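Scroll down for the structure; my scribbles are underneath it.
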């Protein structure tokens with residue numbers, strides 16, 4: 001019985017140590033697949049890097065300067081991308097990728113600048129939580145901030 005437990009422990013440890021952490025290059029690839037799909041209204045592309053239970057939130061100050069935390073269903077995000085996203089001329093430019101990873105969990109901090117019809121509109125940061133599944137790394141959660149008027153843009 002002891003040898004079965006020892007073998008099981010060794011196999012679990014080997015799996016834990018054998019797993020790749022998320023590199024900055026791979027994080028960029030995964031997040032750019034998601035963002036490119038979003039821009040194009042390509043929900044299949046977006047879903048290819050989304051965990052089936054993905055959630056999304058947005059944190060911002062409203063017009064009365066009150067803190068708002070918005071909950072967005074993944075299905076609503078996909079619907080928006082497939083319909084309205086195609087109608088708008090927008091570009092969200094990620095300005096950095098800061099990646100932290102531990103085993104099958106990773107976090108990517110990606111500040112952004114948002115342009116609408118070619119003009120700077122607002123800025124903020126995206127916080128992506130990714131998990132390693134049997135398939136690959138998948139986006140489990142996105143929370144972003146949105147700041148209007150407090151960005152250093154001319």
Could you identify the single residue in 108, 131 that is in contact with a helix residue (DSSP H, G or I) (Cβ under 6 Å, 6 or more places away or on another chain), modelled with pLDDT of 95 or more and either closer than 17 Å to residue 39 by Cα or surrounded by 11 or more Cβ atoms within 10 Å (Cβ to Cβ) (or both)?
108
Enumeration of residues in the range 92-106 that are free of Cβ contacts under 8 Å to residues at least 24 places away in the same chain and within 23 Å of residue 122 (Cα to Cα)
93, 95, 96, 98
Which number in (1) at pLDDT 95 or above; (2) out of contact with any helix residue (DSSP H, G or I) (no Cβ under 8 Å at 6 or more places or on another chain); (3) within 28 Å of residue 148 (Cβ to Cβ); (4) in a helix (DSSP H, G or I) marks the one condition that residue 26 misses?
(3)
Residue 54 being in a strand (DSSP E or B), in contact with a helix residue (DSSP H, G or I) (Cβ under 8 Å, 6 or more places away or on another chain) and closer than 18 Å to residue 27 by Cβ:
yes
Can you pull out every residue in the range 85-105 that is outside any strand (DSSP E or B), in contact with a helix residue (DSSP H, G or I) (Cβ under 7 Å, 6 or more places away or on another chain) and either under 17 Å from residue 37 (Cβ atoms) or modelled with pLDDT under 90 (or both)?
85
Looking only at the range 66-81, decide whether some residue is in contact (Cβ under 8 Å) with a residue 24 or more places away in the chain, under 19 Å from residue 37 (Cα atoms) and either in a loop (DSSP other than H, G, I, E, B) or touching a helix residue (DSSP H, G or I) at 6+ places or on another chain (Cβ under 6 Å) (or both).
yes
Which of the residues spanning the range 107-117 are without any contact (Cβ under 8 Å) to a residue 60 or more places away in the chain and closer than 19 Å to residue 146 by Cβ?
109, 111, 112, 113, 114, 115, 116, 117
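The values are calculated or read from the model by the stated rules, or taken from the named source; none is laboratory data. Keep in mind that what you see is a predicted model, and the values were worked out from it rather than measured. Methodologically, a virtual Cβ is constructed for each residue, glycine included, from the backbone with ideal geometry; neighbour enumeration extends over all protein chains shown.
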